[in-house]
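The values are calculated or read from the model by the stated rules, or taken from the named source; none is laboratory data. The shown structure was predicted, so the numbers you read here are calculated from the model rather than taken from an experiment. Cβ placement follows ideal geometry from the backbone for every residue including glycine, while neighbour counts extend to all protein chains displayed.
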């Protein structure tokens with residue numbers, strides 16, 4: 001049976017929502033968040049046929065690590081990680097219960113620590129913070145594929 005016959009009556013593969021979510025409550029769960037992200041992107045490539053560059057894999061791993069670490073460090077209670085494929089990028093959203101919006105400090109090579117959001121903003125195509133009815137949600141996106149020259153597709157030249 002061909003793929004078209006198998007998918008008869010279903011949404012086209014490219015139009016299906018590809019997502020993963022998890023709630024984390026302890027600092028040890030930060031490693032689990034990274035594993036979830038890696039497994040999600042592996043599935044996106046293997047099961048859905050979307051290309052995921054090595055750069056994208058590394059950047060998503062980094063963004064998930066920084067955002068979940070910040071949520072666990074600064075907010076009481078659990079945090080939620082949502083991953084979604086949209087328009088050739090992975091949208092990484094982390095919700096936490098703290099209503100205080102993060103502030104990105106000016107670059108300072110002398111400062112030790114507190115560079116997480118700077119890093120996330122530098123490697124992401126988009127970055128935004130939304131206040132929620134309870135807490136806040138930070139969303140960043142990372143393009144999945146690189147152009148033939150190795151540059152991130154869709155990344156705006158500075």
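Whether a residue is assigned to a helix (DSSP H, G or I), touching a strand residue (DSSP E or B) at 6+ places or on another chain (Cβ under 7 Å) and more than 15 Å from residue 125 (Cβ to Cβ) was assessed, and residue 56 does not pass this test. Of all residues in region 14-25, one or more are part of a loop (DSSP other than H, G, I, E, B), more than 21 Å from residue 125 (Cα to Cα) and at pLDDT below 90. Looking only at residues in region 133-147 that are assigned to a loop (DSSP other than H, G, I, E, B) and surrounded by 12 or more Cβ atoms within 10 Å (Cβ to Cβ), which one is farthest from the chain's Cα centre (by Cα)? Per the stated criteria, the residue is 147.
Here are some residues: 96, 82. Which one is modelled with pLDDT of 95 or more, over 19 Å from residue 41 (Cβ atoms) and either within 15 Å of the chain's Cα centre (by Cα) or surrounded by 11 or more Cβ atoms within 10 Å (Cβ to Cβ) (or both)?
Details: 82 fails: over 19 Å from residue 41 (Cβ atoms).
From the options 96, 82, the qualifying one is 96.
Among the candidates 81, 50, the residue that is outside any helix (DSSP H, G or I), touching a helix residue (DSSP H, G or I) at 6+ places or on another chain (Cβ under 8 Å) and more than 17 Å from residue 143 (Cβ to Cβ) is uniquely 81.
Return the only residue of 64, 90 being modelled with pLDDT of 95 or more, part of a helix (DSSP H, G or I) and within 25 Å of residue 18 (Cβ to Cβ). Spell out the reasoning first.
Details: 90 fails: part of a helix (DSSP H, G or I).
Exactly one residue qualifies, and that residue is 64.
Give me the residue from region 148-158 that is closer than 27 Å to residue 40 by Cα and surrounded by fewer than 11 Cβ atoms within 10 Å (Cβ to Cβ) and, out of that set, modelled with the highest pLDDT. The residue in question is 148.
On the stretch given as region 99-124, residues that are closer than 23 Å to residue 78 by Cα, out of contact with any strand residue (DSSP E or B) (no Cβ under 7 Å at 6 or more places or on another chain) and surrounded by 15 or more Cβ atoms within 10 Å (Cβ to Cβ) total 3.
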